[in-house]
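Report on the structure given below.
Coordinate-derived values only; no laboratory data. On a predicted model such as this, the values are computed, not experimentally measured, just so you know. Quick reminder, even Gly has a Cβ in these numbers, built from the backbone with ideal geometry, and neighbours come from all protein chains shown.
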Amino acid sequence: MNSSLKFKRPAAAITFGLALGAALSLAATSANAADAPGAKRDKCFGVALKGKNDCAAGANSCAGTSTADHRGDAWKYVPAGTCEKTASPTSPTGYGQLVPFKAAKKTS
């Protein structure tokens, strides 16, 4: 066996390998839970930014076609249960809605 491939401290090499593996596993499981297969998500109207909607924006039919921030007819997927807690300056309640709405003028 080539001596350059031998580890002088096998315990240190094993420890490093385990630590690296654990760090990579943690990073992979820390990914956005809403993107996980089978994760519950809601269509949330009024929270998408210009060009960042997932779908439906009035005359525009799908993803990335919204022409303004916080349109009442454009939605974005959000983790289930968070839509009506997400700010929307054009919504009648000030928060995202689970159904399309007529957007109010922004006051800012």
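Counting Lys and Arg as +1 and Asp and Glu as -1, what is the net charge of the other residues whose Cβ lies under 10 Å from the Cβ of K43? With Lys, Arg at +1 and Asp, Glu at -1, the net is 0.
Under a 5 Å amide H cut-off, with hydrogens placed 1.01 Å from N, Y95 pairs with S88 among residues at least 5 apart or on other chains.
Given R₀ = 22 Å, FRET efficiency for A80-L49 by Cβ-Cβ distance, to 0.05?
Details: r = 21 Å, r/R0 = 0.94.
Working from the Cβ atoms, E equals 0.60.
With Rh defined as the Kirkwood radius, the inverse of the mean 1/r over Cα pairs, the Rg/Rh of the stretch 40-85 is 0.96.
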